[in-house]
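Trainee: Have a look at this one.
Please treat every number below as a calculation from the coordinates, not as lab data. As the structure is a computational prediction, the values presented were derived from the model and not from experiment. Using ideal geometry, Cβ is built from the backbone for each residue, glycine included, and neighbour counts are taken over all protein chains shown.
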Amino acid sequence: MIDLFTPIDLPYEYDALEPVIDETTMRIHHDKHHQAYADNLNKLIEGDDSLASMDLSDLMKTDNQPIKNNAGGVYNHNLFWQMMAPSGTTIMGERTKEKLEEKFGSVEDFKTEFEKAGLSRFGSGWVWLVRDRNGELSIVTSANQDNPETEGAVVILGNDVWEHAYYLTYQNRRAEYLSAWWQVVNWDRVEEII
Ligand SMILES: [Fe+2]
């Protein structure tokens, strides 16, 4: 099998996001779940030159559901690791604060709305802060490994609400995970994109 796609390395140690996200969760999430999406994708496109020449963004838009799912799994997690940073190492920038206040009224209101959306996503999926096609900030959710960029949005921030992202520490308490997760958001990255 050719390893066309591989998960990015974590930009921090496995235990760097503790206590918000425990080390075992990070190891399983990155080394097993993320790796499995890459392995599956590589297997699915093996031997097909036209597919093998496509990048993840294109593969996420194919009609082939298994390819779409696994390409999304690789892509979304590559984003996710970069969207986080050890607690206390970044703070929300001025531009981010202004933009969030302008759109949502206050940073707290933004967080509440984002958490509510993440909580209401039935089953597995993601909650995102995006710039939509009209250039407006918006909170959206997606099922499974779908990503709003395939609909023309720009992803600014996203949280994985699959149970594999939080179950070891939070069990069924997704709301608690969503609320604790702000501590490990990489606000420097948000500031660059928002
Ligand atoms: Fe995940």
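Trainee: Among the residues of the range 118-125, is any within 16 Å of the ligand (Cβ to nearest atom), in contact with a Pro (Cβ under 8 Å, 6 or more places away or on another chain) and in contact (Cβ under 8 Å) with a residue 12 or more places away in the chain?
Mentor: No, because not a single residue in the range 118-125 is within 16 Å of the ligand (Cβ to nearest atom), in contact with a Pro (Cβ under 8 Å, 6 or more places away or on another chain) and in contact (Cβ under 8 Å) with a residue 12 or more places away in the chain.
Trainee: Filter the range 10-40 for residues that are surrounded by 14 or more Cβ atoms within 10 Å (Cβ to Cβ), more than 15 Å from the ligand (Cβ to nearest atom), among the charged types (D, E, K, R) and not in a helix (DSSP H, G or I) and give the result.
Mentor: Asp15, Glu18
Trainee: Is it true that some residue in the range 58-68 is of a type in the set (Lys, Arg), closer than 25 Å to His30 by Cα and outside any helix (DSSP H, G or I)?
Mentor: Checked against the condition, which is being of a type in the set (Lys, Arg), closer than 25 Å to His30 by Cα and outside any helix (DSSP H, G or I), the range 58-68 yields at least one hit.
Okay, residues lined up against (1) of a type in the set (Asp, Glu); (2) over 21 Å from Asp146 (Cα atoms):
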{"site": "Leu10", "(1), (2)": "no, yes"}
{"site": "Glu13", "(1), (2)": "yes, yes"}
{"site": "His29", "(1), (2)": "no, no"}
{"site": "Tyr37", "(1), (2)": "no, no"}
{"site": "Leu41", "(1), (2)": "no, no"}
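Trainee: Further question on the same structure: Which helices (runs of 4 or more DSSP H) does the range 77-194 wholly contain that include 2 or more residues that are in contact with a helix residue (DSSP H, G or I) (Cβ under 7 Å, 6 or more places away or on another chain) and of a type in the set (A, V, I, L, M)?
Mentor: 107-120, 174-180
Trainee: Sticking with this one: Tell me, please, whether a residue that is surrounded by fewer than 16 Cβ atoms within 10 Å (Cβ to Cβ), among the hydroxyl-bearing types (Ser, Thr, Tyr), free of Cβ contacts under 8 Å to residues at least 60 places away in the same chain and not in a loop (DSSP other than H, G, I, E, B) can be found in the range 43-54.
Mentor: Yes, there is a match, as at least one residue in the range 43-54 is surrounded by fewer than 16 Cβ atoms within 10 Å (Cβ to Cβ), among the hydroxyl-bearing types (Ser, Thr, Tyr), free of Cβ contacts under 8 Å to residues at least 60 places away in the same chain and not in a loop (DSSP other than H, G, I, E, B).
Trainee: What's the number of the condition Ser106 fails, among (1) among the hydroxyl-bearing types (Ser, Thr, Tyr); (2) surrounded by fewer than 15 Cβ atoms within 10 Å (Cβ to Cβ); (3) under 16 Å from Asn76 (Cβ atoms)?
Mentor: Exception for Ser106: condition (3).
Trainee: Could you tell me whether the range 109-116 includes any residue that is crowded, with 18+ Cβ neighbours inside 10 Å, within 16 Å of the ligand (Cβ to nearest atom) and among the aromatic types (Phe, Trp, Tyr)?
Mentor: no
Trainee: Considering each of Ser120, Ser124, Ser87 in turn, give the residue that is hydroxyl-bearing (Ser, Thr, Tyr), under 14 Å from the mean Cα position of the chain (by Cα) and under 23 Å from Leu178 (Cα atoms).
Mentor: Working: Ser120 fails: under 14 Å from the mean Cα position of the chain (by Cα); Ser87 fails: under 14 Å from the mean Cα position of the chain (by Cα).
The unique qualifying residue is Ser124.
Trainee: Do any residues in the range 13-37 that are without any contact (Cβ under 8 Å) to a residue 24 or more places away in the chain have Cβ atoms under 9 Å from those of residues that are within 14 Å of the ligand (Cβ to nearest atom) and among the acidic types (Asp, Glu), where the two are at least six apart or on different chains, and which pairs are they?
Mentor: Pairs found: Tyr14/Asp31.
Trainee: Shifting gears a bit: Hey, could you check the range 159-190 for residues that are within 16 Å of the ligand (Cβ to nearest atom) and charged (D, E, K, R) and say which is nearest to the chain's Cα centre (by Cα)?
Mentor: That would be Asp160.
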